[in-house]
1. Among Ala66, Ala74, Ala7, which is surrounded by 12 or more Cβ atoms within 10 Å (Cβ to Cβ) and modelled with pLDDT under 75?
2. Please work out which residue is nearest to Asp31 (Cα to Cα), limiting yourself to the range 56-81 and to residues that are β-branched (Val, Ile, Thr) and in contact (Cβ under 8 Å) with a residue 12 or more places away in the chain.
3. For Leu19, are the conditions met, namely being loosely packed, with under 12 Cβ neighbours inside 10 Å, in a helix (DSSP H, G or I), touching a helix residue (DSSP H, G or I) at 6+ places or on another chain (Cβ under 9 Å) and at pLDDT below 80?
Amino acid sequence: MIAELFANHRNVGHKRQVLIDDLKSVADDADELLNEVTGATTDKLALARKDIEGRLTDARSRVERARNSLSGTAHETADIVYEYVAENPWKVVGVAAAATVAGVIVGVLANRR
């Protein structure tokens, strides 16, 4: 179960990087097109506009797919955590209690200074 959580975490990081790379690519393409249309004719501007619109539509669809994928991954992770807590309630209570005790000890030590 824990291995699934780590796998999901790595998967989210990879998808995030792919999305960032896609957005950078779209920005680079738009910059390139703007440089090409400087001093261009009306026909070239119309073609460049269509090209930009196509690339933006493609980028929007990639962002939407990434959003849906990340949302699915978040739901999977939540389900895994819920299942783990349901199967191991005393472990979770023990971890919470240990964290509380550690917090109290740190608080007491910090107040003594």
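The values are calculated or read from the model by the stated rules, or taken from the named source; none is laboratory data. Remember, predicted model here, so these are calculated numbers, not experimental data. For neighbour counting, all protein chains shown are included, and Cβ atoms are generated from backbone atoms with ideal geometry for every residue, glycine included.
1. On the way: Ala66 fails: modelled with pLDDT under 75; Ala74 fails: modelled with pLDDT under 75.
Of Ala66, Ala74, Ala7, the one residue that is surrounded by 12 or more Cβ atoms within 10 Å (Cβ to Cβ) and modelled with pLDDT under 75 is Ala7.
2. Filtering the range 56-81 for residues that are β-branched (Val, Ile, Thr) and in contact (Cβ under 8 Å) with a residue 12 or more places away in the chain, the one nearest to Asp31 (Cα to Cα) comes out as Val63.
3. Judged against the criteria, Leu19 is not a match.
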